[in-house]
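In what follows, a single structure is set out as structure tokens and then discussed.
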Amino acid sequence: MRGFLTVCLITLLSLTNLAAVNLSSHFTQEQPPLTLEAYWELVRNTRQTVIQLEADGEQTVRSELDGLASQWESVSVVELSDRSIIRIDPSFLIAELKTNPPDFEHLKNLLDALLRAHDEYPHNVFTIQDIEPLNEILARPEFQWAGGQSSAGPDWFNAMLDAFLNFMERIAFGLRNILYYGRVPLILAAVVLFLFSLYYISRNLSRNLVREAQLAAENDDGAELLSSRAAMQRAHTLSSQGDYRNAVRYLYLSSLLILDEQGLLRYDRSRTNREYLRSVSSQPQLAGSLRDVIDVFDRVWYGFDSVDEEAYRSYVKHVDELREKPE
């Protein structure tokens with residue numbers, strides 16, 4: 001396929017490289033121009049010689065190819081049937097003939113393509129004079145566009161509409177670019193956000209686990225000896241240090257212990273808050289006060305609600321009210 005395209009290019013360059021010029025009687029040259037028939041006869045003879053040389057020895061082949069190259073070197077102009085003269089440049093074919101070692105297959109394909117292009121080229125070619133009647137036909141009134149002017153808007157409206165459409169087109173183009181080229185940055189941003197969120201959550205969980213482990217260790221060391229008064233004292237110590245979250249936990253623990261000490265419920269670390277509420281459901285007033293204490297504890301300890309000094313003071317009041325109930 002590449003050889004065929006090369007040959008077609010050679011054909012076009014050799015036959016139409018320079019525009020046809022009318023050199024008539026005052027054209028002078030040392031070598032007389034070849035006729036068009038003689039030119040194509042030389043092409044056929046060259047092809048036939050190349051085919052025959054494939055079976056000959058190297059010395060004979062080189063001599064014959066040099067002879068063919070010399071013949072083509074003398075060809076520079078061709079006379080057409082209308083006696084006009086065109087210049088041709090067979091330098092590419094000459095270079096192929098002088099190639100050592102010769103590529104017979106390439107030469108044969110080149111000459112075959114040249115002859116095939118000659119056979120397929122139409123003999124009747126339209127000229128500018130042939131188009132003139134068509135121009136006259138198209139100039140008739142029935143082929144002229146005269147409608148559509150009445151529906152056109154004023155110039156200022158058309159200008160505004162064009163500006164708006166151009167603006168919308170730029171916006172759409174920008175959005176397409178953002179969606180296409182911005183996918184990687186968006187994905188990277190999403191990954192970074194996910195990793196940051198994961199780090200934040202894991203850090204908070206680790207802190208809570210450490211604190212709970214510390215509290216569990218403290219409870220394991222003196223769980224049997226811990227009383228409601230000791231838990232209350234521990235809560236006051238933690239609140240004075242600004243650790244209101246753990247202070248709330250000890251206040252809640254002191255509430256359960258005081259109820260256990262007064263025989264109103266049985267304190268058991270394995271029981272849930274709801275189980276404590278069910279155990280005092282027969283005493284509505286006590287159950288209501290205990291529910292308020294449990295709800296605040298659940299939001300702070302399990303829901304991670306923030307606790308400041310004011311919220312802690314309010315929780316102390318709830319616990320004091322609960323301690324005053326069972327007398």
For the stretch 95-111, what does the Karplus curve 6.51 cos²θ - 1.76 cosθ + 1.60, with θ = phi - 60°, yield as ³J(HN,Hα) per residue in whole Hz, taken in order and with x for Gly and Pro?
5, 5, 5, 8, 4, 10, x, x, 9, 5, 5, 5, 4, 5, 5, 5, 5
Read phi for every residue in the stretch 235-249 and hand back ³J(HN,Hα) as whole Hz from Karplus 6.51 cos²θ - 1.76 cosθ + 1.60, θ = phi - 60°, with x for Gly and Pro.
5, 5, 5, 5, 5, 5, 8, x, 8, 6, 5, 6, 5, 4, 5
Mean Cβ-within-10 Å packing, highest first, puts peptides 163-169, 312-318 in the order 312-318, 163-169
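Hey, can you rank 80-89, 102-111 by average C-beta count inside 10 Å, highest first? Walk me through the numbers before you get to the answer.
On the way: 80-89: 13.8, 102-111: 17.1.
Top to bottom by mean Cβ count within 10 Å: 102-111, 80-89.
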Describe numerically, in nm with one decimal, the distance between label points set 7 Å from Cα along Cα→Cβ at Gln129 and at Glu321.
11.7
Modelling each spin label as a point 7 Å along the Cα-to-Cβ direction, I'd like the Leu115/Ser197 distance in nm, to one decimal.
7.8
Phi-based couplings in Hz for the stretch 253-268 (Karplus 6.51, -1.76, 1.60; Gly and Pro marked x)
5, 5, 5, 5, 5, 5, 5, 5, 5, 8, x, 8, 7, 9, 6, 8
For Val77, the residues 5 or more places away or on another chain with a placed amide H closer than 5 Å to its own amide H are Leu34, Ile88
Protection-proxy order for peptides 192-200, 267-275, each taking the mean of Cβ atoms within 10 Å per residue, highest first:
267-275, 192-200
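Bear in mind these aren't lab numbers, they're just calculated from the coordinates by the rules spelled out. Just so we're clear, the structure is a prediction, and the values are computed from it rather than from any experiment. Quick reminder, even Gly has a Cβ in these numbers, built from the backbone with ideal geometry, and neighbours come from all protein chains shown.
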